[in-house]
Amino acid sequence: MKNGFFRGHGLGNDYIVMDPKELTFKLTPKNIKSVCDRNWGLGSDGILALVSTKTADFGLRIFNPDGSEAEKSGNGLRIFARYLHATGKTRKTRFTVDTKGGLVSIDLHVDRHGDVDTVTVAMGRATFKPAALPCTLAAAELVQQPIEAAGRSPTFTGVSVGNPHCVLFKQAGESWSRDELLSLGPALENHSFFPNRTNVQLAVPTGPKEIFILIWERGAGETQASGSSSCAAASAAVRLGLVQSPVTVNMPGGTLNIQVDRDFSLTMKGPVAEVARGWLSPSFVRGLK
């Protein structure tokens, strides 16, 4: 049947996977917003689209629920990996995926039922250079730089892990509130420093190898978990000397483990779950045209 979908989540960060070749409609920004709408559509934090590529085993495009496109998603990659294995697109447990944010290598961990329950992703290298995000601030590196947002004057560390991130830290023993996330998140996402917008993490060290973060994702808003955000926040925490690698990143949705190498190469390991497979109804699809 046409217009099929696969639904999964990584620690509550949920995505729909689709193969554009099997759709009778285009993944336009308007249609993406309709499918991702939690009241009028399927509802999700984005759409993962299988695409052809000549540089890896599989190609992936990642769309935010507002219709914009993301370069990379750690949770999305884990869901995409489970989709590929669960639907028979591959029987390999190690393969590569080409994203707009760079090539990644994936290792699958299969449980006793034959399902992929955990995925390890080599996410590439983190960089703090302004041009990589991009960021308009004139600095050699975006490490503890001042910024004005939402009536506050915090410092931020800017990180690219193939997509842009703005990380704010409080000292150990302190905490961030959800109200602070809902205020600072959109203000920083759309700040003039970041011409392509940015993801935002409010972080605090909670141990010698552990941090806690709240997440505001570009184009999606508040999310329960994020793989690329975990990589960015862990990189920033190591760069600032707040923690040592490997870093346990705790989020409202759960925990990811991030290995930060000396050259800031990143390896993420975390769980993934399948929720449903199905097809969009003909009447819903007619409304997309």
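The values are calculated or read from the model by the stated rules, or taken from the named source; none is laboratory data. Here the structure is a predicted model, which means the values were calculated and not measured. Using ideal geometry, Cβ is built from the backbone for each residue, glycine included, and neighbour counts are taken over all protein chains shown. We work out accessible area using only protein heavy atoms, side chains counted, and drop any ligands, DNA or RNA first. Shrake-Rupley method; radii C 1.70, N 1.55, O 1.52, S 1.80 Å.
Close amide H contacts of Phe95 (hydrogens built in the peptide plane, cut-off under 5 Å, sequence separation of 5 or more or a different chain): Ile106.
Placing +1 on the Cβ of every Lys and Arg and -1 on the Cβ of every Asp and Glu, with no other charges, gives the chain a dipole of roughly 880 debye about its Cα centre.
Average accessible surface for the range 92-233: 41 Å² per residue, computed with a 1.4 Å probe over protein heavy atoms with every protein chain in place. Note on the chain: with neighbouring protein chains present and a 1.4 Å probe, carbon and sulfur make up 50 percent of its accessible heavy-atom surface. For the range 70-145, what are the per-bin percents of Cα-Cα distances with bins 5 Å wide, up to the bin holding the maximum? Binned Cα distances yield the sequence 3, 14, 23, 17, 13, 9, 8, 6, 5, 2, 0.
Summing Cβ point charges (Lys, Arg +1; Asp, Glu -1) relative to the Cα centre of the range 177-289 gives a dipole of roughly 380 debye.
For the range 43-115, the relative contact order comes to 27 percent (Cα pairs under 8 Å, sequence separation of at least 6). Inter-part distance, the range 188-231 to the range 261-277, computed on C-alpha centroids, equals 16 Å. Taking a straight line from the alpha carbon of Lys33, these lysines sit under 25 Å away, with near neighbours fewer than eight places off in the same chain left out: Lys2, Lys21, Lys72, Lys100, Lys289.
The peptide list 176-187, 224-235, put in order of mean Cβ contacts within 10 Å with the highest first, becomes 224-235, 176-187. In the chain, the DSSP-assigned H stretches of four residues or longer account for a calculated mean residue ellipticity at 222 nm of -5000 deg cm²/dmol, using -39500 (n - 2.57) per stretch and the full residue count as denominator.
For the chain, the relative contact order is 20 percent, taking Cα pairs closer than 8 Å that sit 6 or more residues apart in sequence and dividing their mean separation by the residue count.
Of the chymotrypsin sites (Phe, Trp or Tyr not before Pro) found in the range 1-83, the ones in coil according to DSSP and having at most 13 other Cβ atoms within 10 Å of their Cβ are Trp40. Only aspartates and glutamates eight or more places from Lys89 in sequence, or on another chain, were considered; those with a Cα closer than 12 Å are Asp19, Asp57.
Over the range 151-228, Cα pairs under 8 Å with separation of 6+ residues give a relative contact order of 28 percent.
Could you tell me which trypsin sites (Lys or Arg not before Pro) in the range 16-59 are loop residues by DSSP with no more than 12 other beta carbons within 10 angstrom of their beta carbon? Hits after loop and neighbour filter: Lys26, Arg38, Lys54. Each of the peptides 115-126, 146-157 was scored by the mean count of other Cβ atoms within 10 Å over its residues; in descending order, highest first, they stand as 115-126, 146-157. Straight-line cross-link partners of Lys209 among the lysines, defined as a Cα under 19 Å from its Cα and at least 8 positions apart when in the same chain: Lys170, Lys269.
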